[in-house]
Amino acid sequence: MCGAELKTLPESVQRVANALQAAGHPHGPVMLDDAARTARQAADALGIELGQIAKSIIFRRRSDDAAVLVIASGDRRVDEKKVEALVGKVGRADADFVRAKTGYAIGGVSPVGHATEPVTLIDRELFRFEEIWAAAGHPHGVFRLRPQDLVFLTGAPLADIDQPASGS
């Protein structure tokens, strides 16, 4: 991606593109025709499995008001108790908190390029896939990567943070 291409992207996506480029990541953001605010919308737009979407969920850590970013496989639900066991008590983060801490709107929170570096955990279930996709700072923006790239880009640990599968 050259400099001219970056200027046509929304500012938040440019921030992601710059972070990816600085890290030597081979894939830049792609803008989808339709919004992909949910993992299902993103998977459908990309024609991939729901689990291949690396969804970003922000919690608010109660002890210090830090943003806690959980990057989870799109087909899994995050177990808040498991997250708390790793980072301390957390609560829900409203849209204002998410934007203030990350610089992104809900539905477009990227794993990289945050306004304030979050405490980050990566769902180990993402490693079921060779290729995954993550939000690129905008509800229409996504980028391609491998699970191991996510670890490299964020420096975050892998964690068992999903809810146990139900009997269905």
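The values are calculated or read from the model by the stated rules, or taken from the named source; none is laboratory data. Nothing here was measured: the structure is a model prediction, and the numbers come from that model. Cβ sites come from the backbone with ideal geometry, for glycine too, and all protein chains shown count toward neighbours.
Among residues belonging to the range 70-82 that are touching a helix residue (DSSP H, G or I) at 6+ places or on another chain (Cβ under 8 Å) and without any contact (Cβ under 8 Å) to a residue 60 or more places away in the chain, point out the one that is nearest to Y104 (Cα to Cα). Among those that are touching a helix residue (DSSP H, G or I) at 6+ places or on another chain (Cβ under 8 Å) and without any contact (Cβ under 8 Å) to a residue 60 or more places away in the chain, it is G74. Residues that are in contact with a strand residue (DSSP E or B) (Cβ under 7 Å, 6 or more places away or on another chain), part of a loop (DSSP other than H, G, I, E, B) and buried (at least 20 other Cβ atoms within 10 Å of the Cβ) within the range 114-161 comprise P118, A136, H140, I161, listed in sequence order. Only one of the numbered conditions (1) buried (at least 19 other Cβ atoms within 10 Å of the Cβ); (2) closer than 18 Å to D123 by Cα; (3) at pLDDT 95 or above; (4) not polar (S, T, N, Q) is violated by A17, and that is (2). Part of a helix (DSSP H, G or I), over 15 Å from R144 (Cα atoms) and hydroxyl-bearing (S, T, Y), is that true of S63? No; evaluated as a whole, the condition is false for this residue. Among the residues of the range 85-113, those that are crowded, with 17+ Cβ neighbours inside 10 Å and either under 16 Å from R62 (Cβ atoms) or free of Cβ contacts under 8 Å to residues at least 60 places away in the same chain (or both) comprise V87, V90, A93, F97, V98, R99, K101, T102, V109, P111.
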